[in-house]
Amino acid sequence: GPIRLAALYGLRRSELLGLSWAAVDLRKRTVRIERALVEVHGRPEWSEGKNASSKRTIPIDKSVAAALKAHRKVQAEERLVAGPDWHDDDLVIATRNGRPVSPGNFDQTFERLVRQAGAPRLTSHGLRHTAATHMVRHASDLGEIRAAADILGHSPDMLMRTYAHVMPESIRTVTDKIEQRLKGEA
C-alpha cells in the first residue's frame with residue numbers, strides 16, 4: 001500500500017516515513033503531507049518538510065486507497081500481536097511494534113522487495129523520479145504540469161527545469177516561448 005502510494009505519487013522517502021493515519025482520508029481519497037522523518041547523525045528526527053510546497057494534500061486513486069486499507073488491516077493484526085509493546089505513533093509505515101522506521105532500514109527493506117520482485121535496481125528516490133517523469137511525460141498542458149508539481153511538492157518551474165527532457169513537445173514549445181519573451185524583456 002504505502003509503496004504503491006510512493007510509486008504513483010512520487011512522495012519523498014521522508015514524507016512516506018512521516019505519514020500518519022490521521023493524514024489519510026480513505027473516504028475522500030486524500031493524503032495530507034505535513035511532516036517528514038529524516039535521519040540526523042544516524043537517528044530518525046521529525047522535520048516540517050523541505051519548503052512551503054512540501055505541505056500539500058494529494059488526491060489518491062481507488063487502487064491506492066484499497067491498498068492502504070489492506071495495509072491498515074495488516075497493521076491492526078501486528079498491533080494485536082505486539083500487545084503492550086505496541087507504541088502508538090499513528091504511523092502508516094511502522095516497525096512491528098509501531099515505532100518509526102529509520103530511513104536506512106526502509107531503504108534496505110525496499111531494496112529487498114525490489115530484488116524479490118525481480119525488478120531492475122531502484123532506490124526510493126528513484127521511485128519518486130520515475131513518478132515525476134511519468135507525470136511530466138503524460139501531461140497534456142501546462143495546467144497538468146502545475147498539478148504534477150503540486151502532487152510532488154515542487155514548484156512548477158523547478159519541475160520543468162528538471163524534467164524538460166521528458167516534457168511533451170507541445171508544452172516545451174510553450175515554455176520556450178515564455179523563456180524567449182522573458183529574455184526579450186531583460
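The values are calculated or read from the model by the stated rules, or taken from the named source; none is laboratory data. Bear in mind that the values here come from a model prediction, so they are computed numbers and not experimental data. Please note: Cβ atoms are built from the backbone with ideal geometry, for glycine as well, and neighbour counts cover all protein chains shown. SASA here: full protein model, heavy atoms, side chains in, ligands and nucleic acids out. Shrake-Rupley method; radii C 1.70, N 1.55, O 1.52, S 1.80 Å.
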Notebook entry, point to check: Given the conditions (1) under 14 Å from the mean Cα position of the chain (by Cα); (2) assigned to a helix (DSSP H, G or I), and given that Ala76 satisfies all but one, which numbered condition is not satisfied?
Noted result: (1)
Notebook entry, point to check: Does region 1-19 hold any residues that are in contact with a strand residue (DSSP E or B) (Cβ under 8 Å, 6 or more places away or on another chain) and charged (D, E, K, R), and which are they?
Noted result: Arg12, Glu15
Check: Taking region 173-186 as the search range and keeping residues that are open to solvent by less than 100 Å² (accessible area, probe 1.4 Å) and among the hydrophobic types (A, V, I, L, M, F, W, C), which one is modelled with the highest pLDDT?
Finding: Ile178
Notebook entry, point to check: Ile58 fails exactly one of the following numbered conditions: (1) over 12 Å from Leu26 (Cβ atoms); (2) open to solvent by 50 Å² or more (accessible area, probe 1.4 Å). What is the number of that condition?
Noted result: (2)
Notebook entry, point to check: Using beta carbons and a limit of 6 Å, which pairs, at least six apart or on different chains, have the first residue in region 149-166 and outside any helix (DSSP H, G or I) and modelled with pLDDT of 85 or more and the second one among the basic types (Lys, Arg) and surrounded by 15 or more Cβ atoms within 10 Å (Cβ to Cβ)?
Noted result: Gly153/Arg56
Check: Can we say Val74 is in contact with a helix residue (DSSP H, G or I) (Cβ under 8 Å, 6 or more places away or on another chain) and within 23 Å of Val31 (Cα to Cα)?
Finding: no
Notebook entry, point to check: Counting only residues that are in contact (Cβ under 8 Å) with a residue 60 or more places away in the chain and not in a loop (DSSP other than H, G, I, E, B), which one in region 88-123 is most open to solvent (accessible area, probe 1.4 Å)?
Noted result: Leu113
Margin query: Among the residues of region 23-41, what is the count of those that are on the phi > 0 side of the Ramachandran plot and in contact (Cβ under 8 Å) with a residue 12 or more places away in the chain?
Written below: 1
Check: So which residues in region 140-156 are open to solvent by less than 80 Å² (accessible area, probe 1.4 Å), at negative phi and in contact with a Lys or Arg (Cβ under 9 Å, 6 or more places away or on another chain), if there are any at all?
Finding: Ile151, Leu152, Pro156
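Residue-by-condition table, conditions (1) within 20 Å of Ser124 (Cα to Cα); (2) open to solvent by less than 30 Å² (accessible area, probe 1.4 Å):
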site	(1), (2)
Ile3	yes, no
Arg29	no, no
Arg35	yes, no
Glu45	yes, no
Lys62	no, no
Ala67	yes, yes
Lys73	no, no
Trp86	no, no
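Pull up region 159-172, narrow it to residues that are of a type outside the set (Ser, Thr, Tyr) and surrounded by 13 or more Cβ atoms within 10 Å (Cβ to Cβ), then point me to the one that is nearest to Leu16 (Cα to Cα).
Leu159
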Check: Here are Arg96, Arg181: which of them is of a type outside the set (A, V, I, L, M) and closer than 23 Å to Leu11 by Cα?
Finding: Arg96
